[in-house]
Amino acid sequence: EAQPSEPGDLAACVFASAEAEAAFIADSFRGLHGVAFTERGATRGLSWSDMTVLLRSGLKRHAAPIVEALKSRGIPFLVTGMNNLFETAEAKAARALFYFVAAHGETSRDDVRRLWIAADLGLADEDLDRALERAEATREEIPFDARRRTNEFAPQTVFQEFIDRLRLREESIPGEHGRAEAVFANLGAFSGVLEDFEAIHHHSGPAAQYAALAVFMERAAADQYGEGLLDNPVARPDAVRIMTIHKAKGLQWPVVSIPGLVDNRFPSTFRGRNNWWNLLPIDAVVNGSRYHGDVFDERRLFYVAVTRAQKWLLASWAPSATVRNWKRPSPFFAWLRARPGVSAQPPRHDHRPRTTPMPRAGVEDLRLTFTAIKALFECPYRFKLRTVYGFGAPPEPAQGFGKALHDALAEINLRAIEGRPPGADDVPDLIDTHLHLPYATPAVFHELREVASRVLTTYLTKHADSLSQVTMSEKVIELPLGDGVTVSGRIDLVVRGDDGRVSIVDYKSTSRAQSEEQTDAQLHLYALGYRALTGHDADAVEVWELDHDTRHGHAIDDAALTEVRAVVGRAAAMLRSGELPPWPERERCGRCEFRGICTEGKRAIGAED
């Protein structure tokens, strides 16, 4: 969308040092925050997420002065593509906690305390001491419980209980709102690291598990995890983005800063000049092509950077204090500075009209699953903690049973469609193939195996006639609902009765429990998907209760089809707005795995801080 051109929109400035250049960028962002910006006929104030810093390369090295300048001015930011969660203060503090609990290296309680204070999360001294006392007690108890495999010492449990004792909540983090989102996203990403580790080391006793976790964090995890929110399609934190130009392709922001326009850096020394590529074959280097090119490639990259700006472009350079051949401006900078309307002086923005800062509306195209919609309407904040921020939950002994049963039934139905339905004698093999319960004790595994055997045997013996009526199983649907919203799902079963009536079937068991209203909405959504897939309407929706061997259903209701469309629309609007508040309710909060890190959840169950 074309924007009116005004003096001060475009600037190309020279500075004496990288620190002065970084101060210019941060001060410009602070000056533009809240400036009125009109887009698609609506006017809003610029927010932090409307601003970005684009670097040619070397995020770790070249972003450092900019990061410090933003920090000193309290401007929230995310470094996209730095790919190191453990560069963030909160993840460093969380890692130190587990080094301490595992008695790894020389990390002391004082070290952990210092790092949590350095993270600047608004913690009270007494809360931090209380959390550290419990961590120290856990450290002392672990060696005496080598054979225990309970959730008490699960890393995920220890981590979230530590956050609870800190009284660390998203709304209590000081600074701009976008900073709180970024911090909780990084804590959620750290929780995801624990979840990945526990998926592999769940059979170890606590002492061995914590020793392995410390080594994993030190040697394997450090360069494998990026900061939270960076690749989440739903999340739009209100924070400045710092990224490479390559990462910015296809994106635009109202305000773009392009620092570091120094000759031999942009264009790069290696582009179109005599260098070691003349001696070393390009195919002798892994991904060698990314390092090889000419000045035309660099020019195209510069064009990409410039055209990311919708209105304000802040280009700059400063001579390097350490690199000898980074002392002159880039020819791209010289070209830009010679353009009409480009200011050589840092522009002022205090004369511009202002209004309330408001982030741009969230993601335009939304792909939702029914599972996500259901989770969103159970509690939006739980959805945010789990799906947006990435917090994990401690493993449960029966985890995986519902999926195993579902997969076994899917194989039965697919074999029936192929004309080779299994019989009751095949149940043991089906269970051996699909029943994987990584967190179950031997007793729990035996009990659930018996349950699975009973359900599958009943299904095959009492409902053999139904197998001949199966026309679809595990059918994936993609349902465009307009306004950029697509819902995907997987229909458990489609059967065609002897009378020709088509029914959409959903399995239900205790492990997949949900309300009747949710199940009915899901089935009507699948009915819409069946229509989109086949061009025909189904006649009925049915629920097959696996635990009690019962079936019930009813004809498809046109009013329910309309309502389910409206539900999806409300879910999309909620995600686009980014407003995901807690919906406290005593029973629901009581079983929520995140109640310890949610203020409203604790109040609902009568456990206020």
Go through the residues of region 87-103 one by one and say whether even a single one is within 24 Å of the chain's Cα centre (by Cα), over 30 Å from ARG354 (Cβ atoms) and not in a helix (DSSP H, G or I). yes
From the residues in region 1-58 that are more than 25 Å from SER72 (Cα to Cα) and of a type in the set (S, T, N, Q), which one is surrounded by the most Cβ atoms within 10 Å (Cβ to Cβ)? GLN3
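Being small (Gly, Ala, Ser), over 19 Å from GLU411 (Cα atoms), assigned to a helix (DSSP H, G or I) and touching a residue at least 24 places away in the same chain (Cβ under 8 Å) is the filter here, so list the residues in region 427-469 that pass it.
The answer is none; no residue qualifies.
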When restricted to THR369, THR322, the only residue touching a residue at least 12 places away in the same chain (Cβ under 8 Å) and exposed (fewer than 15 other Cβ atoms within 10 Å of the Cβ) is THR369
Taking the condition assigned to a helix (DSSP H, G or I), at pLDDT below 90 and either among the hydroxyl-bearing types (Ser, Thr, Tyr) or touching a Gly at 6+ places or on another chain (Cβ under 9 Å) (or both), does THR371 pass? yes
Failed condition for THR269, given (1) open to solvent by 30 Å² or more (accessible area, probe 1.4 Å); (2) at pLDDT 80 or above; (3) among the β-branched types (Val, Ile, Thr), with all others met? (2)
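Look at ARG61 and say whether it is among the basic types (Lys, Arg) and surrounded by fewer than 16 Cβ atoms within 10 Å (Cβ to Cβ).
yes
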Residues (surrounded by fewer than 21 Cβ atoms within 10 Å (Cβ to Cβ), among the basic types (Lys, Arg) and within 25 Å of ASP238 (Cβ to Cβ)) located in region 372-405: ARG386
Which fully enclosed helices (runs of 4 or more DSSP H) of region 4-86 have 2 or more residues being closer than 15 Å to HIS349 by Cβ and among the aliphatic types (A, V, I, L, M)? 18-32
Subset of region 93-124 (residues that are buried (at least 21 other Cβ atoms within 10 Å of the Cβ) and charged (D, E, K, R)): ARG95
Quick check: anything in region 234-241 part of a strand (DSSP E or B), under 21 Å from the mean Cα position of the chain (by Cα) and modelled with pLDDT of 70 or more? yes
Determine, yes or no, whether LEU166 is in contact with a Pro (Cβ under 7 Å, 6 or more places away or on another chain) and open to solvent by less than 10 Å² (accessible area, probe 1.4 Å). no
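The values are calculated or read from the model by the stated rules, or taken from the named source; none is laboratory data. Nothing here was measured: the structure is a model prediction, and the numbers come from that model. Positions of Cβ are backbone-derived with ideal geometry, glycine not excepted, and every protein chain shown enters the neighbour counts. Protein only, heavy atoms only, side chains kept; ligands, DNA and RNA dropped before computing areas. Shrake-Rupley method; radii C 1.70, N 1.55, O 1.52, S 1.80 Å.
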